[in-house]
Structures are given as C-alpha cells and as structure tokens.
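Everything below concerns the one structure shown next.
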Amino acid sequence: MIYLDNAATTKVAPEVLKEMVSYYEEHYGNPSSIYYFSAACRDAIDNARQKVARAIKARPSEIFFTSGGSEADNWALKGIASALKYKGNHIITTSIEHHAVLNVARFLEGSGFRVTYLPVDKYGMVDPDDIKRAISKDTILISIMYANNEVGTVEPIREIGRIAHENGIYLHTDAVQAAGHIPIDVNEDMIDLLSISAHKFYGPKGIGALYIREGTEIYPLIHGGGQERNRRAGTENVPGIVGMGCAIELALKGFDDENERIIYLRDRMIDKIFSSISGVKLNGHPEKRLPGIINICIDGVSGDTLLLNLDMAGIYASSGSACTSGSLEPSHVLLAMGLTEEEARSSIRFSLGRYNEIEEIYEAVEKLAELVGRLRNS
Amino acid sequence: MEIYLDNSATTRVRNEIINDIVMVITENYGNPSSLHHKGFKAEKILNYSREMIARLLKCSPEEIYFTSGGTESNNLAIRGYLKANRRKGNHIITTAIEHPSVSNTFLDLKKDGYNVDILPVNPMGYVNIDDIKRIITEETALISIMMVNNEIGTIEPIKEISAIAKEKGVALHVDAVQGFGKLDFDVKEYGIDMLSLSGHKIYGLKGSGALYVGRDIKIAPILTGGGQERDIRSGTENMPGIIALGKAAELLFGKIDENARFMYELKKKLVDELKELDGWSINGPGLNEAAPHILNISFSGIRGEVLVHSLEEYGIYVSTGSACSSKHHSESPVLKALGLKPNAIQGAIRISFSIFNTEEEVVKAAEAIKKIVPELRKYTRR
C-alpha cells in the first residue's frame, strides 16, 4: 500500500495517538465540571491552545477550537457577515476556494450579500491588484485561502493582508492545507481570521480551530453552553484538542528538515514522472507551492480511470479534493486556472507526507507509467 | 480510589471500543470521501455506525446525520428546520428546562424576530400538555423539548406532545442527549421528527453526535462545504468519534432495560443508605419516575458547591447542575423553573450513574455524604 493522498487526510502520528488515548480512559472528565478531576482536561485544553497559538504566532486567547476546518470556515464567513451586516454586504473571495468557503459564499449570496469571486492566473495565483479593484465601501470581508488544496499554489497572503488592513477590511484565510506545512505568522501576514484542521497535519479528524484576532467583531455559529469563552458551545472534544496540540507541536519541531525531505521526494517524483511519461504537464505554481502536493495533467488519459487502476495496484491518490471527488465533476480549481474540461478530467493529485519513503515514490511512478501506457493503448 | 458519579456530564470511554478507535486512527485512517480503497473502508465504517444508531432508534440509517455533538445537533435541528420551512410560520415553542444549546438558540432566534414561547414546568419538571394545546397556533412551526432533563431526570411525555404536534402539523424536535441509550423507545412510534444525541454520554467520545431527521422532514444545513452527510453537514467526518458512537450504540442494543434496572438499583441503594441522614429531599419526579441514571438532591443548610468540593477530597465526583453551566456559579434555571426555594437550589447536587458503577462505590459515596453533610452544617455560618 502506498498512500499518496495526504492532502485528503493524514495518518495520525503515533506520538499523538499515545497522548489522546489517556483522555479516553483516564482524564475523561467534562472540562466544565468544577471539581479537580476535570482540571486535567482544562489544563490539557489550555496547553493545546498555547501550542496552536505558537504555531501561527497568535495569542492563546485568540484560538477557538471547532469540529474541523469546515466549521471554522463557516463560522468565519457567517459570523463576520452577521456581525458586520450593518456596515456593508460585500465579500471578496476567489474562484478556487475549498467548498467550505465557496458554498458559504453562495449561501450568503442568497441572504442578500454580494460576493466577488476573483479569478486566478494559469498557476492558480490571485492578483492583489484585482483585490484592490474589487474593494468597495460595502466590503466587509476578504476570504482567500493560504494555499490551494488541489494544486498547492501558495497565495500572496502578506500582500493581501496589507491591502485588507489599509482598507479596514477583515481578512480571513483558509489555511487548512498550509498550517503545519509552511510557516505562518498571523501578525506579519495581517490576518484577522484563520481556519485550520488537525487531520491535515497528522492529528485526528473532527477537530480544528479558528484564529480570531482580538477585537474582531464576530457572531457565534453554534449556541449553547459557555464553552470557548462563550463563542463556541458544545462539550469540548478533549482527546481531539489534545491530539491537535501534540500534532502541531510535532509538525513544528522538525519543520525545516522535514520540509526539505518532502520537497526532495516531491521533486524526485516530478522528475521521474516527466522522464518516464510523455505528454505530462504540472498544474500549479512552479515555485510558490506547498511542499507535498503534485498535480499533473496526463494527456489522453481519464483521471478517474487512472485512479481506479492505481487503487487496484494499492496506490492511493486523488483527483481534486476528497470532499468533491465523489462527484466526478471536473475540478473548479483547474477550470479557473484555464484548463479545458478535458485537461481537468485528465488531472490527478499526488500528495506526499511524513510517512512516505523514496522507494514508494519510485514504485508509484513506475506503476503510474505502466498504467498510463496501457490506458493510452486501449 | 476514584468514584465517578457524574455520568450525565460525561462518561468514561468503554474499554471494549478503545481498540476500534485506535484502528480507525492507525490503519483505516482514510477520508470517507476519497474514491480509493482507503476511502471506501472509511465509508464502510461510517455506514456501520449509522446502522447501529438507527437500530437503537428503530429508524432507517438514511435518517441519521453525524455531527460534532449534542450541541451542534440541537443547533442544526432547530435552525436547519426553520431555515428550510420558513413558510410554516414564526412561532416556536420550547420549555423552561432545556439545555443551553436549545434555550440559547431560541433566545438568538427571538432576536431574529421569531415569536418564542417558553413553557413552564410543574414542581416535578413536567410540561403541561394543556399548555401546549393552548398556545399552539397556525403560526407555530416547531416544538423543541427534551426527552430527559439533564439535571433532575424528568422524562417528558413525548408521545402525547407529538400527538398534538402531528394534529397541528407542527414539527417536533427532541433533545435526547440524556435519553438515547438510557431509555428504550421507538422514534417512529413516538412521532419524533428530529432527535439529537451525543456520543460522550453513552461511553463514546467527546466531539461526536448525531441528529435523526425523519424521512419526510426537510432541514437546511448550518455547515456548508464539501457536501458530506448528504449535504446536511459538511466537513471531513470525525471517524474516531463515529466508530466510537457506532460501537457504543451496538453494545447498548438489547441491554437498555437491563442497564436501566441496574442503574435504578444503584440509585435506590444510595437513597436507602442516606435515610439515616435528615434534611434532604429529592428534586424532580422522585426515585421511581425519573430517568434511571439521574438523582438530584437538595441538602438543607449547606451549599451544593461546597459539598461537591468536599466529596472531591474523597475521590468522589458529582456535580451541582449541568456541567455546561456549573462553571458560571449562577443558579440552575432548571431548579428555578421547578419553583424550588433559593435555599433548596443552592443546596442541590446531581449524582448520575453509569453501568460501570458498583454498589460498593455507591455505599462509599453515601458514607462520605453522611459524614460530610453534618460537618458542613455544623461549621457553616448562616
């Protein structure tokens, strides 16, 4: 089995699992209970909050745990829209966002908001000048992903942050694919809201966080008990939170070395693909990209058929994002980058991670070349 | 030694399911939406858990939607139903003893212009069916009422309420976070349109829950995105939470009555043991009528909070009210709604049982209470 779908989800790190298990069996108290038995849970949550904050250079009081990246994105957009509708009704985003942003934007359009979907260039890059042009006196929020999940292009967030800041507009960034993989500094980047998800950096599924800069006007999405300082109700997912804290700490620990290793694997894979298969094109930005993501278009081959064949050979990759891969629609990201429908349908994504080895990379490409040859001849 | 008698706040994860959780984390870690084999395996786990919950509720698996917990389920049911059924009217009904995830959602909807009616309860915590009949109108869109109250264990007459709701074409949402897995019921026979449940109250994981939505009920999502859970709840599925919920439900199947009898015996034992002590009374519907796992007692002349901390010294964990509000040191709105006097409210503690508690633990807890309460009474200035 060769797992090359780490952008869809990652395997939980063994160190993370070990910490989580004690919160199933030992420290199982409800953090809201007043007795000391639950203090361990409260401490664990505080501790994890500090680790998450440190990873993006935020303050712990600016981190709010959610059930994942989708909830964080929903909260950021709907929460700001509700809180600031008295100021204006215009939101700027891009056409290559994850569906957790795109579908919320569409939903808000249905409730009286105006949304500008910025185009991207052939590399999937947003042009900051387009943002300047799109801003109006009614603009209340700019939501642009830190790095794209399908092609790995890293957006010019710092520049966008400056523009947002100069215009007094909140900037939200969906950093689900970026956090734990590239350095993020919410102050340098002038980010007001940022979504992250643990299962993309070797933490568990079902836990994420929204960074909310102090002083930001935002409305809650889920109402109830007073957890997360009255901003996100619901008994805290303590094992998940602990796992997230541990996972992000691990990711930061060997950050540079690990990134260097993954970039090395990625570049070997790209080289090998280009040397062994003809009619291949790399999608996404050649340099400004995430370490682990390779998205390629293979002429004359259906991506879905190829994936099915790779699957049977025990190699797991994907077309587009996992969340929409059930749909068989061509990727909205690739279409926005100017690929034809046919090119988009011929594209697949390999995403590399911590547990991949160079042998697997070579084996996967060998199998890929063989399958492409067979499919092209059939 | 640790004696955990706060199982309405949360429960310890069952030993039998830890391995399944670990398997989902270490081996079957795929994203259920992925088309490859790893994704397919994850999807199978998802289906399994859905079936196990459906079997316990006696509904079809397609009527179950996974969420991040009871609070999200309640928010989704109430907001999602109203959003999808705007034309049904703007009158909504709930009770004075709901969990904050229902009551605060209703308060928020009031700000949005909904006409909110909050039903009172009698000293036992029951709503009056006639009250509902009286206030229900053509404009009523939704009734939200809990199955089992989390602080006093009152079991509300859901069947009777659903009959009225049905007659008037009003949707019924039931917060069954404290009832699911504790009481044996048939969601169809009860006429429930939407029902919330939570994993960590039935020996599963925190951060997991589900919402039952009857086939003929339309709701809109509150979380949009990748379209998971048939577009009703987006977000990569919390697989460890979901397998734990499924396994926990499987292990409770066919055992609910037996478990209820067991917990009831523990509760009865505790009450018997306390008979030598004076100046205490049970809040809510009393020993026999309340849900088997919840016991709420007021001790005269002491503060519940002090008793909780004193018991803690003995390694015994109970609570004052619901965990979600216990940090805020405010009076329990539930006990207030019963019409209890301030002294009785302040002197209340909740003891809640699990199927893993033992008679020995209960006796020890009673002994500790019998020792502490007179001490506190003696040394507390009034």
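Listing for the model above:
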item: Qualifying residue in segment A:307-318 (condition: within 11 Å of another protein chain (Cβ to nearest Cβ), loosely packed, with under 15 Cβ neighbours inside 10 Å and closer than 29 Å to B:THR224 by Cα); result: yes
item: Spans of helices (runs of 4 or more DSSP H) in segment B:14-110 with at least 1 residues within 17 Å of the chain's Cα centre (by Cα); result: B:37-57, B:70-84
item: In segment B:270-305, the residues that are in contact with a helix residue (DSSP H, G or I) (Cβ under 9 Å, 6 or more places away or on another chain), surrounded by fewer than 17 Cβ atoms within 10 Å (Cβ to Cβ) and farther than 16 Å from B:THR154 by Cα; result: B:ASP272, B:GLU276, B:LEU277, B:GLY279, B:SER300, B:GLY301
item: For A:CYS246: the one exception among (1) closer than 30 Å to B:ASN104 by Cα; (2) within 14 Å of chain B (Cβ to nearest Cβ); result: (1)
item: Matching entry among A:SER302, A:SER278 (being away from chain B (no Cβ under 14 Å), hydroxyl-bearing (Ser, Thr, Tyr) and more than 20 Å from the chain's Cα centre (by Cα)); result: A:SER278
item: Subset of segment B:21-47 [polar (S, T, N, Q) and either crowded, with 22+ Cβ neighbours inside 10 Å or touching a residue at least 40 places away in the same chain (Cβ under 8 Å) (or both)]; result: B:ASN28, B:ASN31, B:SER33, B:SER34
item: Those strands (runs of 3 or more DSSP E) lying entirely in segment A:28-118 with at least 3 residues in contact (Cβ under 8 Å) with a residue 12 or more places away in the chain and surrounded by fewer than 23 Cβ atoms within 10 Å (Cβ to Cβ); result: A:114-118
item: Strands (runs of 3 or more DSSP E) contained in segment B:239-357 and holding at least 3 residues touching a Ser or Thr at 6+ places or on another chain (Cβ under 8 Å) and of a type in the set (A, V, I, L, M); result: B:294-299
item: Residues of segment A:299-313 classified as touching a residue at least 40 places away in the same chain (Cβ under 8 Å) and over 20 Å from A:ASN149 (Cβ atoms), total; result: 7
item: Residues of segment B:95-105 classified as surrounded by fewer than 24 Cβ atoms within 10 Å (Cβ to Cβ) and within 14 Å of another protein chain (Cβ to nearest Cβ), total; result: 3
item: Number of positions in segment B:110-135 that are over 25 Å from B:ALA344 (Cα atoms) and surrounded by fewer than 20 Cβ atoms within 10 Å (Cβ to Cβ); result: 14
item: Which numbered condition A:ASP192 misses (of (1) over 30 Å from A:ILE270 (Cβ atoms); (2) away from chain B (no Cβ under 14 Å); (3) free of Cβ contacts under 8 Å to residues at least 40 places away in the same chain; (4) in contact with a helix residue (DSSP H, G or I) (Cβ under 7 Å, 6 or more places away or on another chain)); result: (4)
item: Matching entry among B:THR71, B:THR67 (being more than 7 Å from chain A (Cβ to nearest Cβ) and crowded, with 19+ Cβ neighbours inside 10 Å); result: B:THR67
item: Matching residues, segment A:119-134, being surrounded by 18 or more Cβ atoms within 10 Å (Cβ to Cβ) and under 20 Å from A:ILE80 (Cβ atoms); result: A:VAL126, A:ILE131
item: Unmet requirement for A:ASN47, which otherwise passes all of (1) at negative phi; (2) within 14 Å of another protein chain (Cβ to nearest Cβ); result: (2)
item: Condition check for B:GLY315: more than 25 Å from A:GLY224 (Cβ to Cβ), out of contact with any helix residue (DSSP H, G or I) (no Cβ under 6 Å at 6 or more places or on another chain) and touching a residue at least 40 places away in the same chain (Cβ under 8 Å); result: yes
item: Search result, residues across segment B:3-18 that are among the hydrophobic types (A, V, I, L, M, F, W, C), within 16 Å of B:ALA248 (Cβ to Cβ) and more than 8 Å from chain A (Cβ to nearest Cβ); result: B:ILE17
item: Positions within segment A:4-26 being buried (at least 20 other Cβ atoms within 10 Å of the Cβ) and more than 7 Å from chain B (Cβ to nearest Cβ), in sequence order; result: A:LEU4, A:ASN6, A:ALA7, A:THR10, A:ALA13, A:VAL16, A:MET20, A:TYR23
item: Residue list for segment A:205-220, filter: more than 7 Å from chain B (Cβ to nearest Cβ) and in contact with a helix residue (DSSP H, G or I) (Cβ under 9 Å, 6 or more places away or on another chain); result: A:GLY208, A:ALA209, A:LEU210, A:TYR211, A:ILE212, A:ARG213, A:GLU214, A:THR216, A:GLU217, A:ILE218, A:TYR219, A:PRO220
item: Among (1) at pLDDT below 95; (2) more than 26 Å from A:SER319 (Cβ to Cβ); (3) facing chain A (nearest Cβ under 7 Å) - the single one B:SER34 does not satisfy; result: (2)
item: From the options B:GLY191, B:GLY207, B:GLY181, B:GLY225, residue that is modelled with pLDDT under 95 and either among the hydrophobic types (A, V, I, L, M, F, W, C) or on the phi > 0 side of the Ramachandran plot (or both); result: B:GLY225
item: Residue satisfying all of: in segment B:165-201; closer than 27 Å to B:THR10 by Cβ and among the β-branched types (Val, Ile, Thr); nearest to the chain's Cα centre (by Cα) among these; result: B:VAL177
item: Residues that are free of Cβ contacts under 8 Å to residues at least 24 places away in the same chain and of a type in the set (S, T, N, Q), drawn from segment A:228-263; result: A:ASN230
item: Test set (1) without any contact (Cβ under 8 Å) to a residue 60 or more places away in the chain; (2) over 19 Å from the mean Cα position of the chain (by Cα) - A:TYR170 fails condition number; result: (1)
item: Enumeration of residues in segment B:184-196 that are touching a helix residue (DSSP H, G or I) at 6+ places or on another chain (Cβ under 7 Å) and either surrounded by fewer than 24 Cβ atoms within 10 Å (Cβ to Cβ) or closer than 19 Å to A:ASN237 by Cβ (or both); result: B:ASP184, B:VAL187, B:TYR190, B:GLY191, B:SER196
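The values are calculated or read from the model by the stated rules, or taken from the named source; none is laboratory data. A quick note: this is a predicted structure, and the numbers were derived from the prediction, not measured. Positions of Cβ are generated from backbone atoms using ideal geometry, with glycine treated the same way; all protein chains shown enter the neighbour counts.
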